[in-house]
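A quick write-up on the structure given underneath.
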Amino acid sequence: MRVVVLRIGHRYVRDYRVTMHVALVARAFGASKMLLASDDPSIVEGIMEVNERWGGSFEVESIGGEQGRWLDAINEWRKSGNIVVHLTMYGLHIDGIIQELRNKCKDEGKDVMVVVGAEKVPRILYEVSDYNIAIGNQPHSEVAALAIFLDRIFEGKELRINFMGRMRIVPTARGKRVLDMSSKS
């Protein structure tokens, strides 16, 4: 199963850090790509730098910020027979729906587009999504919601992805240890 994240509502400059964190979580937790409903090249460049340093092939593609662009991306995804999940605090609780979603992906060979918003999302998003899923029914961060969703959909296996970059963290009980593999002969 392939997971692509669609980030809508990105406001240039104001949302840079949060959108970058959405991209970092998506990358680290097993998604293969993020579609960014914005024309902010700094997010694309930032992820390219992370991939170069830490490994991986995660992509960020800017698709433009107009509602029509991200709506077209969703409709095209669905037309290909895949599933659209909108993460929202107003949706069905993840515990009651995640197994059904996992089974559908496995049994029918479907991929998942996970949509996360920044500001209030348009009503149409609730209508075009196959699933409106809540991590909890209280206000919370889209970054946290995405991390929990990816962990649940991949059943924790994403935490063992081996990124083959030039930088590697050596797990330690205390302190920090990072190896720069480019300095090795």
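The values are calculated or read from the model by the stated rules, or taken from the named source; none is laboratory data. Being a predicted model, the structure only gives us computed values, none of them experimental. Reconstructed Cβ throughout: ideal geometry from the backbone, glycine too, with neighbour counts over all protein chains shown.
Here S32 meets the list (1) in contact (Cβ under 8 Å) with a residue 40 or more places away in the chain; (2) surrounded by fewer than 17 Cβ atoms within 10 Å (Cβ to Cβ); (3) within 10 Å of the chain's Cα centre (by Cα) almost entirely, failing just condition (1).
Give V85, V18, V22 a once-over and let me know the one that is at pLDDT 95 or above, within 18 Å of A144 (Cα to Cα) and in a helix (DSSP H, G or I). Steps first, please.
Numbers: V85 fails: in a helix (DSSP H, G or I); V18 fails: at pLDDT 95 or above.
Selected residue: V22, the only one of V85, V18, V22 that is at pLDDT 95 or above, within 18 Å of A144 (Cα to Cα) and in a helix (DSSP H, G or I).
Which one of these is closer than 20 Å to L36 by Cα, in a helix (DSSP H, G or I) and out of contact with any Ser or Thr (no Cβ under 7 Å at 6 or more places or on another chain): L101, L159, L150? Going through L101, L159, L150 in turn, the sole match is L150. Scanning region 165-185 for residues that are at pLDDT below 90 and either closer than 26 Å to G117 by Cβ or part of a loop (DSSP other than H, G, I, E, B) (or both) gives K184, S185.
The selection criterion, being over 15 Å from the mean Cα position of the chain (by Cα) and crowded, with 17+ Cβ neighbours inside 10 Å, holds for G55. In region 3-11, is there at least one residue being free of Cβ contacts under 8 Å to residues at least 60 places away in the same chain and among the small types (G, A, S)? No, that holds for no residue. Candidates are the residues of region 116-131 that are aliphatic (A, V, I, L, M) and in contact with a Lys or Arg (Cβ under 8 Å, 6 or more places away or on another chain); the one that is surrounded by the fewest Cβ atoms within 10 Å (Cβ to Cβ) is V128. When every residue of region 136-144 is checked against the conditions, at least one turns out to be part of a loop (DSSP other than H, G, I, E, B) and of a type in the set (S, T, Y).
If we scan region 132-152, do we find a residue that is among the hydrophobic types (A, V, I, L, M, F, W, C) and loosely packed, with under 12 Cβ neighbours inside 10 Å? Checked region 132-152: no residue is among the hydrophobic types (A, V, I, L, M, F, W, C) and loosely packed, with under 12 Cβ neighbours inside 10 Å.
The criterion of being aliphatic (A, V, I, L, M), buried (at least 20 other Cβ atoms within 10 Å of the Cβ) and closer than 15 Å to G9 by Cβ does not hold for V60. Tallying residues that are touching a residue at least 12 places away in the same chain (Cβ under 8 Å) and exposed (fewer than 15 other Cβ atoms within 10 Å of the Cβ) within region 93-107 yields 2. Is it the case, given these coordinates, that V114 is among the β-branched types (V, I, T), under 16 Å from the mean Cα position of the chain (by Cα) and in a strand (DSSP E or B)? Considered against the rule, which asks whether it is among the β-branched types (V, I, T), under 16 Å from the mean Cα position of the chain (by Cα) and in a strand (DSSP E or B), V114 comes out as yes.
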